[in-house]
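Step one of this worksheet: look at the structure below.
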Amino acid sequence: MKSIVEKIVAIYERRGNEKYADEEVTQLQHALHCAKLAMNEQAPSEMVVAAFLHDIGHILGHEALPGGVNEDLHDHHEETGYAFLSQYFPAVIADPVRLHVAAKRWLCTTDTTYAERLSPTSYKSFLDQGGPMSEEERREFEAHPNFAAAVRVRRWDDQGKNPHEVLPTMQELLPLIDAQAA
Ligand SMILES: [Fe+2]
């Protein structure tokens, strides 16, 4: 196992039991549910890993971040998660983590029923994060090489909140994570 895998385990053991936003699941349950949704769709391993790690920025300690990353990023968990993960994982994993907040804005902009299906907390954060995209923002987002992967992670993110879901364990995912780490 690479040391990044041990770091990830330590992060989830330390703070994985924190509540996920105003939902009825913990951070770890949310991460595992998103990974399960990816596996159910037979998504490639890198997508399963991205789904599992997409919100790690919520529970990272600043000691995990590379030098020079501004500590004020604590309100921007997608940037914090990206700064951490991009040290160890390829862009196909790190980019969707960075883009999953923008992906919600894109989904709400391009599919009006999407916004209606968000939980109240998720809808509020959508507005706080900038609300609908402008034409220019939309074009820029769609041009990103990992745009489609980001949208996939986002769809799992919005579904992965069921407290009654039977989940895989984190241990089961570690070989996948290890295989993707540089
Ligand atoms: Fe999430």
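The values are calculated or read from the model by the stated rules, or taken from the named source; none is laboratory data. Nothing here was measured: the structure is a model prediction, and the numbers come from that model. Backbone-built Cβ (ideal geometry, glycine too); neighbour counts: all protein chains shown. Please note that ligands, DNA and RNA were not included when accessible areas were found on the heavy atoms of the full protein model with its side chains. Shrake-Rupley method; radii C 1.70, N 1.55, O 1.52, S 1.80 Å.
Per-structure values
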quantity	calculated
Between 0 and 90°, nearest 10: helix 91-110 axis offset from the chain longest Cα axis	30 degrees
Helix 170-180 vs. the chain, principal-axis angle (Cα, 0 to 90°, nearest 10)	80 degrees
Burial ranking of peptide ranges 104-113, 87-96 (average Cβ count within 10 Å, highest at the top)	87-96, 104-113
Ellipsoid semi-axes in whole angstrom, largest first, where each is sqrt(5λ) of the Cα gyration tensor of the chain	24, 19, 16
Accessible surface of the range 96-182, 1.4 Å probe, proportion on carbon and sulfur as whole %	53 percent
Accessible area (Å², 1.4 Å probe, nearest 10) - Leu173	10 Å²
Amide H contacts under 5 Å for Thr26, placed H, 5+ residues apart	Tyr20
Length added when fully stretched, Asp111-Val92, from 0.36 nm per residue minus Cα-Cα	4.4 nm
Using alpha-carbon coordinates, inclination of helix 3-15 to the longest axis of the chain, degrees	70 degrees
Summed residue charge, Cβ within 10 Å of Thr110's Cβ, Lys/Arg positive, Asp/Glu negative	0
Net charge dipole size for the chain [Lys, Arg +1 and Asp, Glu -1 on Cβ; Debye, nearest 20]	320 debye
Heavy-atom surface of the chain, accessible at 1.4 Å and reported per residue (Å²)	49 Å²
